[in-house]
1. Residues of the stretch 1-45 with the amide nitrogen closer than 20 Å to a label point 7 Å from the Cα of ARG51, along Cα-to-Cβ, please.
2. Restricting to the stretch 75-177, what percent of DSSP beta bridges are antiparallel, rounded to 5?
3. Quick query: amide H of GLU106 versus all other amide H atoms, modeled in the peptide plane; which residues come in under 5 Å with a sequence gap of 5 or more or a different chain?
4. Can you pull out the chymotrypsin sites (Phe, Trp or Tyr not before Pro) in the stretch 16-115 whose DSSP state is coil and whose Cβ has at most 16 other Cβ atoms within 10 Å?
5. Which whole-angstrom value gives the distance between the alpha carbon centres of the stretch 129-181 and the stretch 33-76?
6. Enumerate the amide H contacts of GLU151 below 5 Å, restricted to partners 5 or more residues apart or on another chain; note that Pro and chain-start residues carry no placed amide H.
7. Leaving ligands, DNA and RNA out of it, work out the accessible area of THR62 with a 1.4 Å probe and give it in Å² to the nearest 10.
8. Taking 7 Å along the Cα-to-C-beta vector as the label spot, tell me the TYR168-ILE93 distance in nanometres, rounded to one decimal.
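The values are calculated or read from the model by the stated rules, or taken from the named source; none is laboratory data. Worth saying up front: this structure is predicted, and the values here are computed from it rather than measured. We place every Cβ from the backbone using ideal geometry, glycine too, and count neighbours over all the protein chains shown. Accessible surface areas use protein heavy atoms only, side chains included; no ligands, DNA or RNA. Shrake-Rupley method; radii C 1.70, N 1.55, O 1.52, S 1.80 Å.
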Amino acid sequence: MTRLVPLPRAFYARPTELVARELVGKIIVRRRAGGEQRARIVEVEAYLGERDAASHARRGPTPRAAIMFGPPGHLYVYLVYGMHHCMNFVTEIDGKAGAVLIRAAEPIGSTDFAAPFPLRGPGKLCAGLGVTRAETGLDLTTQGALFVVDEGAPAPRLSRSRRIGVDYAGTWAARRLRFFVPRNPHVSGGALKPSRRA
């Protein structure tokens, strides 16, 4: 990787499911006082806004979910179980809600990963990268504390399954909106049968 050019806003300002698929294989660049960390995204989930019963946007632009309504290309971080942060990238055109949950990433190169956390699962991913709710709203399209780049590698083969932990969402729980690299050891949720190629 020679140049660290963040993905442009136009990349995120597209249908959420498409963005989710194309984020797999891209590189997260994390910069903080301890150095620079890089990791390849290997697992994501798409959340499709107000119509999606599993989405935080299902009740409209509440104080927590307002960021999901745009503009795209920003970071949305929330807390689950009072202790685990989850990192999402806002998608869709401004005014239409959508976000991609980043579930797992594979550390690459000689990085400065010092935290004793694998990047396998959304909570451990945020812990390993030091991402917290304080960074909600961060612009992913600039060379700031966190952004995503395309190193030009061929797109990986994908599998897809239902999302994890959204059984409360009725028929939406069965939607196959989780995309991952099959057999990658850094993927958090396994195959979740039935799993099919994307």
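1. Those under the cut-off are 12-22, 45.
2. 100 percent
3. ARG40, ILE41, VAL42
4. TYR81
5. 8 Å
6. ILE27
7. Only protein atoms counted, so the area is about 50 Å².
8. In this crude spin-label approximation the distance works out to 3.2 nm.
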